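Structure record follows, encoded as structure tokens.
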Amino acid sequence: MTGRRRPSSRPLRAAVATALCTAAGASSLTGCGSLPGLAKGPDKKPIVVMTWAPEGTKATNMPGMPAMAQAYARWVNASGGIHGRKLKVITCNERNDSVQAARCAQDAAKAKAVAVVGSYSQHGRSFTSPLEVAGIPYIGGYGLTQEEFNSPYSYPVNGGQATLLAGNGRQLASRCDRVSLVRPDTIAGDELPELLDAGLKAAGRQPAHDIRAPEDAGDYSSQATTALTDVGADSSLGSATAGAEMDNACVTAALGNRTGTFFDSFRRVQEDHPKVRIASIMGSVRQSLVDSTGGSSSPLEGTYATGWYPAPDDPRWGPMKKVINKYAFDDNRIDPDDAGTQTTWIAYTALRSALMSLNPDDISARTLRNALDHGHKVDTGGLTPPLRWGYNDPLNVRDYPRIVNADVTYQVVRDGRLVAVRKGFVNVAKTLERYGPRD
């Protein structure tokens, strides 16, 4: 034995294989690029994500969110995909049910989803834990639950119900001495009064009257009567006061899809009461509701509304509307003016931006979280401020440590359209930082 190693035949085989592929044309030789001993090409498997939302329930439904996610994926794939890989969206009906919300999260883990994106659920306690166990980031949830603003695996694109209610309080405080809030009698609904009061207190107003309501009722006459009475618009004052204007009294409702049902009951009840200003938040009042209740002659004319994003007629929504027109295939579940659809668009914008920043050969839930945690910056085309979730980016808001965007917009129903009351955004970060429990 001389100790000399035998020359390996691998370099020779590789050279021969390369020559054959070059001479014959790679496209005509099955297996070129994946022969033994040669480097494999980039992974071309689809990048899997999930979007969930409730559909077909008696409470709030958001079918437009998974539909928007699928249209977005068609557009991305028609535009070259993510580093040449297809974006695959799987959906799950969350059914407004805590058990099903957990199952959706578990299904995302089984499908090896790199993220759950642009989704809606009020059962944060149920879905957060399974996602954290699987290491899956939750990007751009609708913002209903406190868990979405607590979990280090959550990357919210808006300020959730917290900013909407605080902003609505500030919007109403400009003219309302007395306010009634009608909200769901749910865990998520229990957080709303304190937040609305934060906005009212910032302007020196008294706390709102808190009126709980069933989430799936068919009539809200009792709650409407209580709301009017609590702000001083009492029918016992006599018929002479019926129809009189009370500009300093307001009733705001945040009942999701049931807000329209509430305002229908409210309209009938108010006939025997002095008139007060009505208000709501985006997602509860939407353009489709104004249209379906009469447009410019709708009883919602003049309603104040607080939203996260620019008004529906803002040109910054143009790119989203083009994608819907071309890739939604007349899917009537998608309403471009709906806050759920808009949130899904922004969430997928954030997802795409982050995925394109990754190494094409190393795309996973882990690397996606790592990019977001290290401050990857997302430009949403002016629909929100630039979004970042790095260590120093979240705001100093008690109970909501993941908020990075505290901007809202003030809107009003005018001539049957939701339009901006003022240009630009209103930042409610300082209001939220000061908010605390009721006395």
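The values are calculated or read from the model by the stated rules, or taken from the named source; none is laboratory data. Small disclaimer: the values here were computed from a predicted structure and weren't measured. Here the Cβ positions follow ideal geometry from the backbone for every residue, glycine too, while neighbour counts run over all protein chains shown. Just so you know, the surface numbers come from the protein's heavy atoms only, side chains and all, with ligands and any DNA or RNA stripped out. Shrake-Rupley method; radii C 1.70, N 1.55, O 1.52, S 1.80 Å.
Before moving on, here are some points about what is shown:
- Residue satisfying all of: in segment 52-100; more than 20 Å from the chain's Cα centre (by Cα) and part of a loop (DSSP other than H, G, I, E, B); modelled with the lowest pLDDT among these: Lys58
- Filtered residues of segment 270-309 (kept if part of a loop (DSSP other than H, G, I, E, B), open to solvent by less than 30 Å² (accessible area, probe 1.4 Å) and within 26 Å of Leu228 (Cβ to Cβ)): His273, Pro274, Gly283, Ser284, Ser298, Leu300, Gly302, Thr303
Yes/no matrix, rows are residues, columns are (1) surrounded by fewer than 17 Cβ atoms within 10 Å (Cβ to Cβ); (2) touching a helix residue (DSSP H, G or I) at 6+ places or on another chain (Cβ under 8 Å):
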residue	(1), (2)
Gly56	yes, no
Ala59	no, yes
Met65	no, yes
Gln70	no, no
Trp75	no, yes
Ser79	yes, no
Gly84	yes, no
Leu87	no, yes
Glu94	no, yes
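- Residue among Gln161, Gln206, Gln122 that alone is outside any helix (DSSP H, G or I), open to solvent by 10 Å² or more (accessible area, probe 1.4 Å) and within 23 Å of Val426 (Cβ to Cβ): Gln206
- Flag not set for Thr18, criterion: more than 30 Å from Ser129 (Cα to Cα), open to solvent by 80 Å² or more (accessible area, probe 1.4 Å), among the β-branched types (Val, Ile, Thr) and modelled with pLDDT under 85.
Each row is one residue, and each column tells you yes or no for (1) open to solvent by 20 Å² or more (accessible area, probe 1.4 Å); (2) part of a loop (DSSP other than H, G, I, E, B).
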| site | (1), (2) |
| --- | --- |
| Ala311 | no, yes |
| Pro319 | yes, no |
| Phe329 | yes, yes |
| Gln342 | no, no |
| Ala347 | no, no |
| Arg352 | yes, no |
| Asn359 | yes, yes |
| Leu383 | no, yes |
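- In segment 125-157, of all residues being assigned to a helix (DSSP H, G or I) and among the β-branched types (Val, Ile, Thr), the one that is most open to solvent (accessible area, probe 1.4 Å) corresponds to Val133.
- Checking every residue in segment 363-372 against the condition of being open to solvent by less than 50 Å² (accessible area, probe 1.4 Å), at pLDDT 95 or above, closer than 28 Å to Gly64 by Cα and assigned to a loop (DSSP other than H, G, I, E, B) gives at least one match.
- Residue among Arg183, Arg175 that is under 30 Å from Asp234 (Cβ atoms), of a type in the set (D, E, K, R) and at pLDDT 95 or above: Arg183
- Within segment 254-269, the set of residues being open to solvent by less than 10 Å² (accessible area, probe 1.4 Å) and over 20 Å from the mean Cα position of the chain (by Cα) comprises Phe262, Ser265, Phe266.
- Of the criteria (1) in a helix (DSSP H, G or I); (2) open to solvent by 50 Å² or more (accessible area, probe 1.4 Å); (3) over 29 Å from Arg422 (Cα atoms), which one Asp216 fails: (1)
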